[in-house]
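Structure first, then comments.
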Amino acid sequence: MAGTSAYPTALDTNTNLNENLADNVDTVSAAHQNNQNLAIKNVQAKLGIGATTATSTKFLVGAASAGTTAWVSMSGDATMTNAGVITVATITTGAAPLYVNESANTGSTIGVTINQAANDNEILAFKSSDIGHAYTTGGETDTYASMKKANATIGGLKITSIAEDAAEDTVTIVDSIGGTAMTTKTTSGVGLVNINIAEHDGSNALANITADGNVFSVRAHVGGGYLTRFMVDEDGDAYIFGAATVTGAVVAEGVTLTGVTATPALTTIDGGNDKVIYTDSSGNVTELALGASGTLLTSGGATSAPTFTAPATVTATTINGGNHKVLYTDGSGDVTELALGASGTILTGQGTTSAPTFAAPAGVALSAINGTADRAMYVNSSGDVTEIVLGAAGTVLTSAGSTGDPSFAVIPVVDYGDASIVLHGRVFS
């Protein structure tokens, strides 16, 4: 174009755009500049750019001014450096959604579909120049949230939010606003925030959760790794691997447990193996590791914790575990054993300083007892336990004094003459 005397009203295919736009290449007239501006506007119209300033520039998709065949496809790289606004407009029902590396999605009428192909990293990332968290294992330092596959070959969704290591006590917030909360407290009740969890059979049908399967868990990074701290399984059982502090009433099966208050704490229970549970002097439920083999749980009094200790004064060195033995503590407080005595003998004490023995009863004989039916037992004048055959019907056991044996005899008849006897309100005469 340099050195020409005639200027076109529009750019042609043989004209270099830089040559037309560079003021320092040729001194041009106002008419020439106007022609250049008109040509540039014509190019803008072909691109679908309808505004005249950078701050209000619109990128129109499918606009009438762009022609019915415009923007059918675009290949290669496209870079936009304009600081203006880019708007996807005039999408109506039946219009194509926005695709990235995809050309069809029957599940979306108007929306965004991204096909990640076989890539396993972030499919969506949210960045901000204000952010610099430095945790680049989880994402680039200015990425504060991202989405990716939970499993590279199976699927699922992993949502990650990352904040800087600063004085901020909340990193992820979910707001659910509106609606009217349900008050049903049964298995059909739901909340304003509801999470549905299911398995499926691989053939387009939902399947029940595995029996006793875990459906929800909360994990904490502790000691260099993630540990589960709270869990709910498929039948509604809740597991707390740590302390449980209740600040209100505890209700079980509709019954308020009045004996359970906010005072008892479980802060010293970590759920380890081989522990015993007890309540301490403050009323808190705690645990104690089992002691060494052979030690006993020993009270420390009302103000001290119990301990497992070896028996202080009780030994079992004289117990060999043989058959037919009785156990007793001797004068030293040691537990020992004694072989059973002969048939009919009884365990007889020898005082506080001697071991007991099995001996025949002193002064008491049972030789007159044969154990047959219809007998009465009494102690005779010698102190021996003996028996007497029951008497005839209507007879009563009658004493013969301190030196004779009792007997069954007929009740003697007493003649009261014309006297009347009042017994329990009735008159007998």
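What FRET efficiency comes out for Val255 versus Ala292 if R0 is 35 angstrom and r is the Cβ-Cβ distance? Round to the nearest 0.05.
Result of the calculation: an efficiency of 0.25.
Excluding Leu327 itself, what net charge comes from residues whose Cβ is under 14 Å from its Cβ, given Lys and Arg +1 and Asp and Glu -1?
Summing Lys/Arg as +1 and Asp/Glu as -1 gives -2.
Could you order peptides 162-172, 196-206 by the average number of other Cβ atoms within 10 Å of their residues, highest first?
Per-residue Cβ counts within 10 Å, averaged per peptide and sorted highest first, yield 162-172, 196-206.
For Ala355, what charge total do you get from the other residues with a beta carbon under 14 Å from its beta carbon, if Lys and Arg give +1 and Asp and Glu give -1? Please list the in-between numbers first.
Working: positive: Lys325; negative: Asp330, Asp334, Glu337.
Result for the neighbourhood of Ala355: -2.
Please report the net charge: other residues with Cβ closer than 14 Å to the Cβ of Asp142, K and R +1, D and E -1.
Net charge around Asp142: -3.
Computed from the coordinates by the stated procedures, all read-outs in this text should not be read as laboratory data. No experiment lies behind these values; they were computed from the predicted model shown. Positions of Cβ are generated from backbone atoms using ideal geometry, with glycine treated the same way; all protein chains shown enter the neighbour counts.
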